[in-house]
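J.: Just passing along the structure, written as structure tokens.
The values are calculated or read from the model by the stated rules, or taken from the named source; none is laboratory data. In this text, all values refer to a predicted model and were calculated from it rather than measured experimentally. Methodologically, a virtual Cβ is constructed for each residue, glycine included, from the backbone with ideal geometry; neighbour enumeration extends over all protein chains shown.
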Ligand SMILES: Nc1ncnc2c1ncn2[C@@H]1O[C@H](COP(=O)(O)OP(=O)(O)OP(=O)(O)O)[C@@H](O)[C@H]1O
């Protein structure tokens, strides 16, 4: 039996992660599971811990306990993607990775899956390149309005409060409304798979998605399959702000795709050039402001323990 290495972000969902671990660990001890737990102390720590751990390029089982941001860091730290099996206990506020991969939300059920897998799925890993720098993603990368929301949520005190009240998702709703009314849509050029470049007017955001949900349950790319060797790209453009506001709730069900102004396409690579530098995110974690980004997939897939 291989050892499980837990990567724990005690601070996920504003401190819930640590409390959830206290219900997980006794279960591991009770079942005599061989494990070690690496705790993160600061942003960026999960990536560093995983880089050091996987530098031996041996097989590892990494069980992540945290939010999408922690999954993102772990994926970015892995030295050899093909050597790692990933398990996941979602303890974040948005949990789009778990939703997309159909993993249980309940921590003890998620642990059960890790210890008794139904299936080991192969998952594509996204790769964002901007200004010569690379960052991997499990769920999605986006530029514009969706990333602006992540940027603001990352510094939001409201998120801490709402997480305590188990209303973390509301943070995103509040910030989304705020951003929608303050940010101006821009022109953009989009090139899929080295094909023709298309121009878009009044672009709110462009996201390249490996999994179908982002932003805490928005079913932006209902056809995105994390093992299909494709990215699904969504562009929201050429609409008045009020229309975007009315459309957003329909995206919880994936109905937005039927409306004008919403383009959803599939590709292996997408290059985006915005009129001006805008916020960018990978898996909901802010990565600076950029004008140009490229999203594609890594050659290697990662194994994910699934129900
Ligand atoms: N000990 C720590 N103290 C403060 N921040 C940390 C710590 N460990 C990790 N982080 C950072 O916390 C951030 C948020 O973590 P994570 O995404 O896992 O949880 P979340 O924000 O609650 O969930 P979600 O992304 O699903 O909304 C990440 O950017 C991560 O780098």
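J.: Tally the residues that are exposed (fewer than 14 other Cβ atoms within 10 Å of the Cβ), within 20 Å of the chain's Cα centre (by Cα) and at pLDDT below 75, restricting the search to the stretch 148-159.
T.: So the answer is 0.
J.: Considering only the stretch 29-42, state which residues are within 14 Å of the ligand (Cβ to nearest atom) and touching a helix residue (DSSP H, G or I) at 6+ places or on another chain (Cβ under 8 Å).
T.: Result: 37, 38, 40.
J.: Here is a follow-up. Against the definition (surrounded by fewer than 24 Cβ atoms within 10 Å (Cβ to Cβ) and more than 15 Å from the chain's Cα centre (by Cα)), how does residue 249 come out, yes or no?
T.: Here the answer is yes, as residue 249 does meet what is asked.
J.: When you look at residue 30, is it touching a strand residue (DSSP E or B) at 6+ places or on another chain (Cβ under 8 Å) and surrounded by fewer than 20 Cβ atoms within 10 Å (Cβ to Cβ), yes or no?
T.: So residue 30 fails the test.
J.: Residues to consider are 46, 98; find the one that is buried (at least 18 other Cβ atoms within 10 Å of the Cβ), without any contact (Cβ under 8 Å) to a residue 24 or more places away in the chain, closer than 19 Å to residue 136 by Cα and touching a helix residue (DSSP H, G or I) at 6+ places or on another chain (Cβ under 8 Å). Write out each step before concluding.
T.: Working: 46 fails: without any contact (Cβ under 8 Å) to a residue 24 or more places away in the chain.
Every option except 98 fails the conditions.
J.: Okay, next question. Can residue 89 be described as loosely packed, with under 14 Cβ neighbours inside 10 Å, in contact (Cβ under 8 Å) with a residue 12 or more places away in the chain and not assigned by TED's automatic domain parsing to the domain that holds residue 292?
T.: The answer is no for residue 89.
J.: Please find, within the stretch 1-20, the residue that is nearest to the ligand (Cβ to nearest atom) out of those that are free of Cβ contacts under 8 Å to residues at least 60 places away in the same chain and touching a strand residue (DSSP E or B) at 6+ places or on another chain (Cβ under 8 Å).
T.: 10
J.: What strands (runs of 3 or more DSSP E) completely inside the stretch 189-307 contain at least 1 residues that are within 21 Å of residue 69 (Cβ to Cβ)?
T.: The strands (runs of 3 or more DSSP E) meeting that bar are 197-209, 231-237, 269-282, 285-297, 302-306.
J.: Hey, another quick one. Looking only at helices (runs of 4 or more DSSP H) that fall completely inside the stretch 65-161, which ones have 3 or more residues that are within 14 Å of the ligand (Cβ to nearest atom) and more than 26 Å from residue 299 (Cα to Cα)?
T.: In the stretch 65-161, the matching helices (runs of 4 or more DSSP H) lie at 145-154.
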